[in-house]
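Chemist: Just passing along the structure, written as structure tokens.
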Amino acid sequence: NIPEDQADKLLLASWGLPKAVLEKYHSLGVVQMFEWQAECLMLGQVLEGKNLVYSAPTSAGKTLVAELLILKRVLETRKKALLILPFVSVAKEKKRYLQ
């Protein structure tokens, strides 16, 4: 669980994302994340590029964790990221979404 003094970590605005990214998430109704999502982002050195393996049911919010990790890493390192998706239709949808 998230310690009381880190409850702000549930808010997307607490993760140093650019205003345009936050506005996009807010327009989709995503202002904060679930506790388990924030816990994933705070594990070890995940934000520094270390590996993370996590599992959750369908539609539980796994994609948000991956997107935030990718966005933060790309913006901070100015390097490219490779996002592997299972279907062409999902890849096209994610491409439109991330643009």
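Chemist: I'd like to verify a number: residues in segment 64-80 that are within 23 Å of Val30 (Cα to Cα) and without any contact (Cβ under 8 Å) to a residue 24 or more places away in the chain, how many?
Modeler: Counting residues in segment 64-80 that are within 23 Å of Val30 (Cα to Cα) and without any contact (Cβ under 8 Å) to a residue 24 or more places away in the chain gives 4.
Chemist: Kindly indicate whether any position in segment 50-64 is β-branched (Val, Ile, Thr), open to solvent by less than 40 Å² (accessible area, probe 1.4 Å) and in a helix (DSSP H, G or I).
Modeler: No - not one qualifying residue is present in segment 50-64.
Chemist: Among the residues that make up segment 78-89, is at least one of them surrounded by 14 or more Cβ atoms within 10 Å (Cβ to Cβ) and either basic (Lys, Arg) or assigned to a helix (DSSP H, G or I) (or both)?
Modeler: Checked against the condition, which is being surrounded by 14 or more Cβ atoms within 10 Å (Cβ to Cβ) and either basic (Lys, Arg) or assigned to a helix (DSSP H, G or I) (or both), segment 78-89 yields no hits at all.
Chemist: Return yes or no: is Leu47 touching a residue at least 24 places away in the same chain (Cβ under 8 Å) and either open to solvent by less than 90 Å² (accessible area, probe 1.4 Å) or charged (D, E, K, R) (or both)?
Modeler: Spelling it out, Leu47 is indeed touching a residue at least 24 places away in the same chain (Cβ under 8 Å) and either open to solvent by less than 90 Å² (accessible area, probe 1.4 Å) or charged (D, E, K, R) (or both).
Chemist: Suppose the filter is farther than 25 Å from Ala91 by Cβ, open to solvent by 70 Å² or more (accessible area, probe 1.4 Å) and of a type in the set (D, E, K, R); does Glu23 pass it?
Modeler: Considered against the rule, which asks whether it is farther than 25 Å from Ala91 by Cβ, open to solvent by 70 Å² or more (accessible area, probe 1.4 Å) and of a type in the set (D, E, K, R), Glu23 comes out as no.
The values are calculated or read from the model by the stated rules, or taken from the named source; none is laboratory data. If you're wondering where the values come from, they're calculated on a predicted model, not measured in any experiment. Backbone-built Cβ (ideal geometry, glycine too); neighbour counts: all protein chains shown. Heavy atoms of the whole protein, side chains included, go into the accessibility calculation; ligands, DNA and RNA do not. Shrake-Rupley method; radii C 1.70, N 1.55, O 1.52, S 1.80 Å.
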